[in-house]
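Taking it in order: structure first as structure tokens, then the write-up.
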Amino acid sequence: MPLISSTSMLQQARENGYAITAFNVHTLEMLQAVVEAASETSSPLIIQSTVGTVKHLGPEYIAAAAKVAADQTGLPIALHLDHCTDFATIIQCIRAGYTSVMIDASMLPFEENIQRTLSVMEVAAAAGVNVEAELGKVGGVEDDIVVDERDAMLADPDDCQLFIERTKVLTLAPAIGTAHGIYKGEPNIDFERIAKIAEKVEVPLVLHGGSGIPAEQVRKAVSLGMSKMNVATELRIAFSDAIKEVFAKSPEENDPRKYMVPAKEAVKRLAIEKMELCGCIGKAGTLK
């Protein structure tokens with residue numbers, strides 16, 4: 001099965017009250033881990049890479065690995081470029097085979113955000129690629145995009161409705177109180193705001209900053225209309241901690257297979273937990 005656009009899987013998730021887990025991966029082992037998790041649980045999957053990872057590995061290498069995963073498993077898998085502000089990088093990734101891209105112009109004035117999104121929509125529509133945009137500012141750090149907590153701005157429901165009407169963008173990430181990275185305390189998610197936005201727009205909504213959100217809060221956000229949850233930092237921590245544990249026990253270890261295998265298993269276990277939390281386990285075979 002080839003890689004697919006995330007449009008249909010996210011629309012079906014929105015219609016049926018669950019969310020698709022989207023995992024940011026940085027190595028082949030991390031990609032394999034989330035794919036194995038999806039395969040073992042029959043879950044649809046969105047593999048994501050940040051702009052930094054695209055620069056580190058190259059979009060062609062990432063897309064090739066994702067295509068092999070889709071071919072070998074037969075699962076509905078989409079490949080997404082996360083939080084990109086650069087039009088040229090978006091084009092590069094689409095050409096490499098990405099099936100979903102995020103244009104993050106949330107730092108710009110509302111009208112300019114609309115225009116940047118429209119320019120990406122025009123190119124992506126011709127390639128059958130999903131487009132995700134952001135309104136408001138999600139706090140924290142994502143690669144080289146830094147939003148101070150004091151500057152994080154929540155999305156206005158009326159603006160969300162107007163933005164969708166003007167851009168026809170297929171997926172929307174509204175800022176609702178989450179943040180990138182691990183939370184210092186309990187996240188202050190505005191559930192009423194999620195409900196109001198979901199009432200005004202029909203497109204799937206994206207929950208950014210999914211690492212470390214308490215399970216009951218994730219379930220509530222999904223029940224209100226969040227159809228995609230991004231997980232990045234927790235995966236990196238699980239991967240790194242497993243490697244550290246190997247070296248703590250065997251400082252002289254020099255065979256990458258000896259520390260990459262447990263790192264991969266740690267990521268897979270966490271991925272399955274997140275899939276179960278979002279309610280997408282067993283949904284791979286139900287996609288139309």
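The values are calculated or read from the model by the stated rules, or taken from the named source; none is laboratory data. If you're wondering where the values come from, they're calculated on a predicted model, not measured in any experiment. Cβ atoms come from the backbone with ideal geometry, glycine included; neighbour counts cover every protein chain shown. Please note that ligands, DNA and RNA were not included when accessible areas were found on the heavy atoms of the full protein model with its side chains. Shrake-Rupley method; radii C 1.70, N 1.55, O 1.52, S 1.80 Å.
A few remarks follow.
- For the range 241-275, the set of residues classified as open to solvent by 30 Å² or more (accessible area, probe 1.4 Å), closer than 15 Å to Ser211 by Cα and not aliphatic (A, V, I, L, M) consists of Arg269, Glu273, listed by residue number.
- First in the range 210-227 and touching a residue at least 24 places away in the same chain (Cβ under 8 Å), second anywhere and basic (Lys, Arg) and open to solvent by 10 Å² or more (accessible area, probe 1.4 Å), Cβ under 6 Å, 6 or more apart: Ser227/Arg14
- Sole residue being open to solvent by 50 Å² or more (accessible area, probe 1.4 Å), without any contact (Cβ under 8 Å) to a residue 24 or more places away in the chain and out of contact with any Pro (no Cβ under 8 Å at 6 or more places or on another chain), chosen from Gln32, Gln72: Gln72
- Scanning the range 182-189 finds no residues that are in a helix (DSSP H, G or I) and open to solvent by 10 Å² or more (accessible area, probe 1.4 Å).
- Residue match in the range 102-116 (condition: farther than 17 Å from Ala22 by Cα, open to solvent by 30 Å² or more (accessible area, probe 1.4 Å) and among the polar types (S, T, N, Q)): yes
- Odd one out for Arg166 among (1) part of a loop (DSSP other than H, G, I, E, B); (2) open to solvent by 50 Å² or more (accessible area, probe 1.4 Å); (3) not β-branched (Val, Ile, Thr): (1)
- Taken over the range 12-37, residues that are over 15 Å from the mean Cα position of the chain (by Cα) and not hydroxyl-bearing (Ser, Thr, Tyr) amount to 11.
- Test for Ile77: is it within 16 Å of the chain's Cα centre (by Cα), in contact (Cβ under 8 Å) with a residue 12 or more places away in the chain and within 20 Å of Glu273 (Cα to Cα): yes
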